[in-house]
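Trainee: Take a look at this one; I'll ask things after.
The values are calculated or read from the model by the stated rules, or taken from the named source; none is laboratory data. Remember, predicted model here, so these are calculated numbers, not experimental data. Here the Cβ positions follow ideal geometry from the backbone for every residue, glycine too, while neighbour counts run over all protein chains shown. Ligands, DNA and RNA are stripped out before the accessible areas are found, and what is left, the full protein with its side chains, is counted by its heavy atoms. Shrake-Rupley method; radii C 1.70, N 1.55, O 1.52, S 1.80 Å.
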Amino acid sequence: MEIPKAHPTDSIVPPGKHAAKTRIVVLEEHPLLRHGIAHLLNSQEDMIVCGETDNIRDARHKIQELKPHLLLTALRLGTGDSLEFLKALKSERPALLILVYSAFEETIFAERTFRAGAEGYVMKKAPKEELLTAIREILCGNIYVSHDVAMRAFKKSLETRSEQQQRSARPTIGIESCPTGRRTSSFC
């Protein structure tokens, strides 16, 4: 029986000690909401909010200083373009995971945030357990959208694939030369 070799990134946690927690910065302009999110995340055994802020400028400084694993950010912030901020942040720090939460319709805005560099999108009206699920999915290397949006996208991809197959299976009319030299119509 072969014993698996440890990787340099593997951490061995001594008995009685806890594994390192996921470090999260929360960017939300409303103090009460920011405090509630921080309280929820800090109550998890595997997460810690290492910084909170209400604006993009301070978020940049906190991310630089605190080196979080994940940024949890509202989509709409008082000043600055959130999507441009995400694009710039992702180009500067490609390893930083980004989860956006918003009251804006997921079917419209999730794709925009993914194109800007986010790994997940959660609606503000979602239950708190969904926020935790989204964070953990992203930490595992997956993307996250709600079940409803994922199913719609999957159905749409099936429809698109079916339409493409139907188009490629249709006969097309072509003009060919026959052995006598006359041009004739034929089905390809």
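Trainee: Taking a probe of 1.4 Å, how large is the accessible area per residue of region 25-106, in Å²?
Mentor: Details: 4130 Å² over 82 residues.
Heavy-atom accessible area per residue stands at 50 Å².
Trainee: So, one more: May I ask you to give the percent of accessible area on region 31-110 that is carbon plus sulfur, with a probe radius of 1.4 Å?
Mentor: Numbers: 2300 of 4180 Å².
Exposed carbon and sulfur together represent 55 percent of the surface.
Trainee: Separate question: If each of Arg57 and Asp148 carries a label point 7 Å out from its Cα toward its Cβ, how far apart are those two points in nm?
Mentor: It works out to 3.8 nm between the two label points.
Trainee: Here is a further query. Past 23 Å, Cα to Cα, is the threshold; run Lys90/Lys125; Lys67/Lys87; Lys87/Lys156; Lys21/Lys125; Lys62/Lys128; Lys128/Lys155 against it and keep the listed order.
Mentor: Values: Lys90/Lys125 26 Å; Lys67/Lys87 18 Å; Lys87/Lys156 27 Å; Lys21/Lys125 26 Å; Lys62/Lys128 25 Å; Lys128/Lys155 27 Å.
The answer is Lys90/Lys125; Lys87/Lys156; Lys21/Lys125; Lys62/Lys128; Lys128/Lys155.
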